[in-house]
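Here's the structure we're looking at; comments come further down.
The values are calculated or read from the model by the stated rules, or taken from the named source; none is laboratory data. Just so we're clear, the structure is a prediction, and the values are computed from it rather than from any experiment. Note: ideal-geometry Cβ built from the backbone for every residue, glycine included; neighbour counts use all protein chains shown.
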Amino acid sequence: MVNLERITTKGKAIFLAYDQGLEHGPTDFNMDNVDPLYFIDIAIKGKYNGLILHHGIAEKYYPKKKQKVPLIIKLNGKTKLPNIEPISRKVCSVKRAIKLGAEAVGYTIYIGSQFESEQFHEFGKIVEEAHNEHIPVIAWIYPRGKAIKNDTTTSILAYAARTALELGADFAKIKYNNNLNRFKWVIESAGRTKVLVAGGSKLTDKQLLQKAYEVMQAGATGLAIGRNIWQHKHPLKMTKALKNIIFNHKTPKEAMKYLQ
Ligand code: FBP
């Protein structure tokens, strides 16, 4: 059995992601949040269900003895520099992730890319290895490439969610289609794979709380969020507001008071 309890609270979760330095480059950072310790401090003080890092940062900044919040290692990654169909290959093994203290692993799959089958193949092995060690697997499952005209239609997101279920992911990290009712279909399509929604680029407080509320109402398990927290002026206040929506069923209006 895969152990989901270490990284969930009563079946819900909020994860903090910090793999953008590789995926986007330091352009997302300022003089504070460019330091991985700034991010780790938010994750610990905010009592996240997990923090997401690549192995290089985990090894240098978040050794086992400092792991107060479960470590989730992102096993593949790419920069945005090559002008090719999207593909992201493994840069860390399940074995090394576990050695670094990981309690879950993540992997991005670009469905629709010319290279999706290579990623499916690699992902299948990761699921096998991780599940043999009872470690959950999170699939960042993003429709992308020349064949994808719009990556947030309900049908393409449902296809992504279903693909995550078919391929053995415990969680599917996907984008939101901005439609609560239609998002229910996306979540139904994921079956027993739990759905996490990505934060995306910086939103206003009101927009972010509304998004969190809608995805939770639609049946999501939670958020795996990055920039909207560590680029926020008050990351811990925003964390508290979001946690009240995810775990305590608060409305955006009620949650807004944690930001004052
Ligand atoms: P954000 O909340 O900052 O969007 O982070 C979520 C995330 O999935 C990261 O884990 C990842 O680095 C990034 O988004 C991928 O972004 P893109 O959509 O540009 O590939």
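Please report, ordered by residue number, the helices (runs of 4 or more DSSP H) entirely within segment 146-260 with at least 2 residues that are within 16 Å of the ligand (Cβ to nearest atom). Explain how you work it out, then say what you get.
On the way: elements: 154-166, 180-189, 205-218, 227-230, 235-248, 252-256.
So the answer is 154-166, 205-218, 227-230, 235-248.
Of all residues in segment 153-210, those satisfying the criterion of being buried (at least 18 other Cβ atoms within 10 Å of the Cβ), closer than 24 Å to Lys125 by Cα, under 18 Å from the mean Cα position of the chain (by Cα) and not aliphatic (A, V, I, L, M) are Arg162, Thr163, Asp170, Phe171, Lys173, Thr193, Lys194.
Go through segment 11-50 and give me each residue that's in contact with a helix residue (DSSP H, G or I) (Cβ under 7 Å, 6 or more places away or on another chain), basic (Lys, Arg) and within 28 Å of Arg192 (Cβ to Cβ). Within segment 11-50, Lys12 is the sole residue that qualifies.
Per-residue answers, yes or no, for (1) touching a residue at least 40 places away in the same chain (Cβ under 8 Å); (2) more than 28 Å from Pro70 (Cα to Cα); (3) among the basic types (Lys, Arg); (4) in contact with a strand residue (DSSP E or B) (Cβ under 9 Å, 6 or more places away or on another chain):
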position: Ile138; (1), (2), (3), (4): yes, no, no, yes
position: Ile141; (1), (2), (3), (4): no, no, no, yes
position: Arg144; (1), (2), (3), (4): yes, yes, yes, no
position: Ile148; (1), (2), (3), (4): no, yes, no, no
position: Asp151; (1), (2), (3), (4): no, yes, no, no
position: Ala161; (1), (2), (3), (4): no, no, no, yes
position: Ala169; (1), (2), (3), (4): yes, no, no, yes
position: Ala172; (1), (2), (3), (4): no, no, no, yes
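Contact map, segment 94-106: first residue over 15 Å from Tyr61 (Cβ atoms), second residue of a type in the set (Ser, Thr, Tyr) and in a strand (DSSP E or B), Cβ cut-off under 9 Å, separation 6 or more or different chains; the map is empty. Residue count for segment 106-141, restricted to those that are polar (S, T, N, Q) and away from the ligand (no atom under 16 Å from the Cβ): 3.
Suppose we filter Leu53, Leu22, Leu81 for residues that are closer than 30 Å to His234 by Cβ, surrounded by fewer than 22 Cβ atoms within 10 Å (Cβ to Cβ) and within 14 Å of the ligand (Cβ to nearest atom); which single one remains? Every option except Leu22 fails the conditions. Would you mind stating whether Ser113 is at pLDDT 95 or above, surrounded by 14 or more Cβ atoms within 10 Å (Cβ to Cβ) and hydroxyl-bearing (Ser, Thr, Tyr)? Taking the combined requirement at face value, the residue satisfies it. For Thr221, the conditions (1) crowded, with 23+ Cβ neighbours inside 10 Å; (2) in contact (Cβ under 8 Å) with a residue 40 or more places away in the chain; (3) over 17 Å from Ala158 (Cα atoms) all hold with the exception of (3).
Scan segment 215-246 for residues that are under 20 Å from Ile174 (Cα atoms) and either at pLDDT below 95 or more than 17 Å from the chain's Cα centre (by Cα) (or both) and the total you get is 3.
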